[in-house]
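Below: one structure, written as structure tokens.
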Amino acid sequence: MSEKRYYQEEIETMPVEALRELQKEKLLKQVRHVYDNVPYYRAKMEELGVTPDDIKELEDLSKLPFLSKTDLRDAYPYGLLGMPLSECVRIHSTSGTTGKRVVAFYTQKDVDLWEDCCARAIVAVGGSKEDVCQVCYGYGLFTGGSGLHGGSHKVGCLTLPMSSGNTERQIQFMMDLNATILCCTPSYAAYLGESLKEAGYKPEDNRLKAGIFGAEPWTEEMRRDIEASLGIKAYDIYGLTETSGPGVAFECEEQTGMHINEDHFLAEIIDPDTGEVLPEGSKGELVFTALDKEAFPLLRYRTKDICVLSRKKCSCGRTHVKMSKPMGRSDDMMIIRGVNVFPSQIEAVLLKEGYPPNYYIEVDRVNNSDTLDVFVELTAEQFEDTVGKFSARENALAEAIKTMVGVKPKVHLVNPKSIARSEGKAVRIVDKRKLH
Ligand code: DLL
């Protein structure tokens, strides 16, 4: 394993006071940039009677309005652009209906800084130009593939741009080309571990030394399973499309939380109900202000991820604040096999296909892989009409849901009036995974 564990040592180990000073400088500039170039956010600031002149210190951040997914929807697609489209070179997006879809824009500089963040994550797990980095996050609109791919290039690793799926081919390239670093979702890493075993390989047969796994919640138990089945150290990485993608935060050798790349992302923890900023060490919703992003410069973006921040000194020498693994969400988004799914998307398909909105969703994790079951009530007329065609109907509905959300569920059509009615807020999701 390489000695050098930092990609940008000066920044990653910068004394906290200097880091705060750097953040302040960038914040003042960024607020001005957004105010001048994003009319949508300027209007929100004006509503609160705030101007860039009111933001003089980091503490003034709390005077600024929040942004949320609703704003992204209202401003879709160009309303939050901070640069002329002619300066933008790329988009990425999350799956979903137009209502929930997030389209993030990047200038070349944005891509560059994002790739730096991913490079930091790769070097932190011992990556160097001697490594062979197998990237099996999805490429395309999803940020996972491109982000780690770009980071791998920056570090100088030999990059295997595998994208997701085709496990047989993944294993062949991993073994024949001696991959040393694996980048994918933790559930796929677990699946690869099992598949290698089924193919007759022992953990010591591969050359992998580390994995960079994220995009979905995973537990310490799962980490131990993956580490044992692949014979590696497994590291967490966090990010979201709205703030660029993976690499907003990453784990170092201590494996006790993820360092947030604070020179680019200013983090706050708020009470999800009141919006009040909470003191360090409190559990609450993570909010990010992107300090450098040009094309999609979100200020105070509410991630809906619940976690805790800690500035406890880290043995790796990095000074950037650490976030815990996300401990849940303050909205109803589920992450199923790495794909973000909202119950409302599934409901939209049911209604479009002529089913009543009486349904519930069951999520579980079996052998480290997520399962999604959707139970849908038939109307009395549908019930009459469906006798003998249950499985064809179930399959057609499962396909329609897959087209909308990107994950194929198992659909169960059930008898009329067999799903319990709720007296208050309907319980739509039964999540049996023990993730937190
Ligand atoms: O999942 C970006 C990413 C790609 C991160 C590859 C890491 C690796 P989105 O599809 O926009 O972006 O989903 C973002 O996924 O708000 C969290 O709820 C969840 N998430 C991301 N990383 C982790 C993680 C990518 N390490 C949403 N642990 C976020 C738990 C995670 N949840």
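The values are calculated or read from the model by the stated rules, or taken from the named source; none is laboratory data. Every value quoted in this text rests on a predicted model; they were computed, and no experiment measured them. Positions of Cβ are generated from backbone atoms using ideal geometry, with glycine treated the same way; all protein chains shown enter the neighbour counts. We work out accessible area using only protein heavy atoms, side chains counted, and drop any ligands, DNA or RNA first. Shrake-Rupley method; radii C 1.70, N 1.55, O 1.52, S 1.80 Å.
For G281, state whether it is open to solvent by 20 Å² or more (accessible area, probe 1.4 Å), in contact (Cβ under 8 Å) with a residue 12 or more places away in the chain and within 18 Å of V16 (Cβ to Cβ).
yes
Which condition breaks for T243 when tested against (1) more than 9 Å from the ligand (Cβ to nearest atom); (2) farther than 30 Å from D373 by Cα; (3) among the β-branched types (V, I, T)?
Failed condition: (1).
Among A267, A228, which is the only one that is on the phi < 0 side of the Ramachandran plot, under 17 Å from the mean Cα position of the chain (by Cα) and assigned by TED's automatic domain parsing to the domain that holds K202?
A267
Scan region 70-82 residue by residue and report those that are in contact with a helix residue (DSSP H, G or I) (Cβ under 9 Å, 6 or more places away or on another chain), closer than 17 Å to L299 by Cβ and open to solvent by 50 Å² or more (accessible area, probe 1.4 Å).
If the condition is that a residue be in contact with a helix residue (DSSP H, G or I) (Cβ under 9 Å, 6 or more places away or on another chain), closer than 17 Å to L299 by Cβ and open to solvent by 50 Å² or more (accessible area, probe 1.4 Å), then D74 is the only one that fits.
Which of the residues belonging to region 284-313 are within 12 Å of the ligand (Cβ to nearest atom) and open to solvent by 30 Å² or more (accessible area, probe 1.4 Å)?
Hits for region 284-313 are R302, K304.
Of the numbered conditions (1) aliphatic (A, V, I, L, M); (2) away from the ligand (no atom under 16 Å from the Cβ); (3) not in a helix (DSSP H, G or I), L196 satisfies every one except a single condition; which is it?
The number of the failed condition is (3).
From the residues in region 215-233 that are within 14 Å of the ligand (Cβ to nearest atom) and either of a type in the set (F, W, Y) or under 19 Å from A119 (Cβ atoms) (or both), which one is modelled with the highest pLDDT?
By that ranking, first place goes to A215.
Which residues, counting only those in region 382-414, are in a loop (DSSP other than H, G, I, E, B) and touching a helix residue (DSSP H, G or I) at 6+ places or on another chain (Cβ under 9 Å)?
V407, K408, P409
Considering region 318-341 alone, what residues qualify as being in contact with a helix residue (DSSP H, G or I) (Cβ under 8 Å, 6 or more places away or on another chain) and away from the ligand (no atom under 11 Å from the Cβ)?
Passing the criteria: R318, T319, H320, D332, R337.
Taking only pairs six or more apart or across chains, which ones have beta-carbon atoms under 9 Å, a first residue in region 327-338 that is on the phi > 0 side of the Ramachandran plot, and a second residue that is more than 10 Å from the ligand (Cβ to nearest atom) and acidic (D, E)?
R337/D370; G338/D370
Residue pairs, Cβ under 6 Å, 6 or more apart or interchain, first in region 59-84 and within 13 Å of V31 (Cα to Cα), second β-branched (V, I, T) and at pLDDT 95 or above. List them.
Qualifying pairs under 6 Å: S62/V277; K63/V50; G82/V38.
Given region 46-160, what strands (runs of 3 or more DSSP E) lie entirely inside it while holding 3 or more residues that are under 23 Å from L286 (Cβ atoms)?
Hits in region 46-160: 103-107.
Write out, first by first residue and then by second, each pair whose Cβ atoms fall under 9 Å of each other, whose residues are 6+ apart or on separate chains, and whose first residue, in region 243-257, is hydroxyl-bearing (S, T, Y) while the second is within 8 Å of the ligand (Cβ to nearest atom).
T243/T303; S244/T143; S244/G147
Per-residue answers, yes or no, for (1) over 30 Å from K209 (Cβ atoms); (2) within 16 Å of the ligand (Cβ to nearest atom); (3) open to solvent by 50 Å² or more (accessible area, probe 1.4 Å):
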site	(1), (2), (3)
R42	yes, no, yes
S86	yes, no, yes
H92	no, yes, no
A104	yes, yes, no
C117	no, yes, no
I122	no, yes, no
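Tally time: how many residues in region 270-283 are within 16 Å of the ligand (Cβ to nearest atom) and either of a type in the set (S, T, N, Q) or part of a loop (DSSP other than H, G, I, E, B) (or both)?
Number of matching residues: 1.
Return only the number of the condition from (1) open to solvent by less than 20 Å² (accessible area, probe 1.4 Å); (2) more than 16 Å from the ligand (Cβ to nearest atom); (3) not assigned by TED's automatic domain parsing to the domain that holds S282 that N358 does not satisfy.
(1)
Would you point out the residue of region 140-170, among those that are among the aliphatic types (A, V, I, L, M) and within 11 Å of the ligand (Cβ to nearest atom), that is most open to solvent (accessible area, probe 1.4 Å)?
In this case the residue turns out to be L141.
Say whether the condition of being charged (D, E, K, R) and either touching a His at 6+ places or on another chain (Cβ under 9 Å) or without any contact (Cβ under 8 Å) to a residue 40 or more places away in the chain (or both) is met by at least one residue in region 348-359.
No, region 348-359 has no match at all.
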